[in-house]
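Report on one structure; see the data block that follows.
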Amino acid sequence: MSIGIVLMGLLVGFLVGLTGVGGASLLTPVLILFGIHPSVAVGTDLVYNSITKMFGVVQHWRQKTVNVKMMKYLAMGSIPSALVAIALLHFFGKMHDNQELIIKHSLGYVLILVSISIIIRVCCDKKLRPNRWQEKSLEEKRGLTILIGGVFGFIVGLTSIGSGSLYAVAMLYLYRMSATEMVGTDIAHAFLLATFAGILNAGFGNVNYMLVGNLLLGSIPGVLIGSTISAKIPTKPLRTVVATVILISGLKLI
């Protein structure tokens with residue numbers, strides 16, 4: 001057991017519980033900073049995310065706050081495209097030879113995108129008025145939903161980041177959903193995506209299971225502590241601070 005990794009998991013879990021900001025955006029760049037190879041950092045983070053999201057899925061399923069049809073449409077696009085991204089990194093010669101550089105640069109750009117998406121949610125979560133896309137039924141947006149799943153799924157496959165934050169912003173702008181249904185659907189879909197992508201990475205030997213265990217030892221109590229405190233303090237300023245940290249991390253990786 002590594003005390004440093006456990007403490008890192010505790011800090012990430014605490015921030016996730018406190019602000020609701022996705023753990024992958026915080027964890028993956030820190031793992032790379034700790035000297036973990038980028039492909040192992042991505043694979044490990046996906047497995048870690050799958051396990052942590054599983055607890056959230058169970059709770060939201062019980063509360064009936066998962067839009068199963070939307071989750072299915074998103075997964076129809078995201079899972080195949082994530083698997084394609086992972087396979088390209090391993091089987092396509094030029095991408096495999098430059099795997100570390102590709103993941104680092106992709107990670108940097110996606111972190112910048114995620115930081116912007118967090119700020120958009122902080123500023124617009126309750127101010128966004130219904131638009132023409134929100135007025136359409138889910139069936140009318142079936143193709144669009146699958147396409148969104150596919151585009152963001154490819155990004156998640158490359159970097160492990162975006163399974164929550166990027167999809168959440170798409171839901172905010174394009175669909176009319178209650179806050180609890182949006183969170184529940186987002187978590188359920190992220191669980192499916194991270195699980196399939198994590199399994200493929202495990203097959204390629206890109207998962208450090210000891211690292212996953214150490215992170216979970218710290219992050220589970222961290223999430224519980226952060227969630228408890230979040231009801232007592234304003235989280236919007238904290239989300240903005242975390243978004244700024246993520247933005248700086250992204251700029252350093254490019």
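Read-outs: derived from the displayed coordinates by stated rules, not from any lab. As the structure is a prediction and not an experimental result, all values here were calculated from the model. We place every Cβ from the backbone using ideal geometry, glycine too, and count neighbours over all the protein chains shown.
Between residue 254 and residue 202, the modelled label-to-label distance comes to 3.5 nm, taking each label 7 Å out from Cα in the direction of the beta carbon. Dividing the helix sum by the residues of the chain, where each DSSP H run of 4 or more adds -39500 (n - 2.57), gives a mean residue ellipticity at 222 nm of -27000 deg cm²/dmol.
With the cut-off at 34 Å, report for the chain the share of all Cα pairs above it, as a whole percent. It works out to 11 percent of all Cα pairs.
Residue by residue, the stretch 204-217 carries 3J(HN,Hα) couplings of 8, x, 9, 10, 9, 5, 5, 5, 4, x, 5, 5, 5, 4 Hz when phi is fed to the Karplus relation 6.51 cos²θ - 1.76 cosθ + 1.60 (θ = phi - 60°); x denotes Gly or Pro. Scanning residues 5 or more positions from residue 65 or on other chains, none has an amide H under 5 Å from its amide H, with H placed 1.01 Å from N in the peptide plane.
Here the simple spin-label model places points 7 Å from the Cα toward Cβ, and for residue 244 and residue 90 these points are separated by 4.1 nm.
Our coupling estimate for the stretch 36-48, obtained by passing each phi through the Karplus curve with A = 6.51, B = -1.76, C = 1.60 and θ = phi - 60°, is 6, 4, x, 5, 6, 4, 5, x, 5, 5, 5, 5, 4 Hz, Gly and Pro reported as x.
Expressed in nm to one decimal, what extension gain is obtained for the pair residue 54 and residue 133 from 0.36 nm per residue of sequence separation less their Cα-Cα distance?
The span from residue 54 to residue 133 would gain 25.4 nm if fully extended.
One decimal place: the segment residue 105-residue 180 gains 23.6 nm when fully extended, by the rule 0.36 nm per residue minus the C-alpha distance.
Say R0 is 22 Å: what FRET efficiency, to the nearest 0.05, do residue 33 and residue 2 get from their beta-carbon distance? Efficiency, rounded to the nearest 0.05: 0.90.
Comparing 188, 82, 170 in a Gaussian network model of the chain (Cα springs below 10 Å), the most mobile by mean-square fluctuation is 170. Length available on full extension from residue 151 to residue 116: 0.36 nm per residue minus the Cα-Cα distance, which gives 10.9 nm.
Each listed q (0.16, 0.17 Å⁻¹) maps to a log10 I(q)/I(0) for the stretch 108-254 from the Debye sum over equal C-alpha point scatterers, namely -1.10, -1.23.
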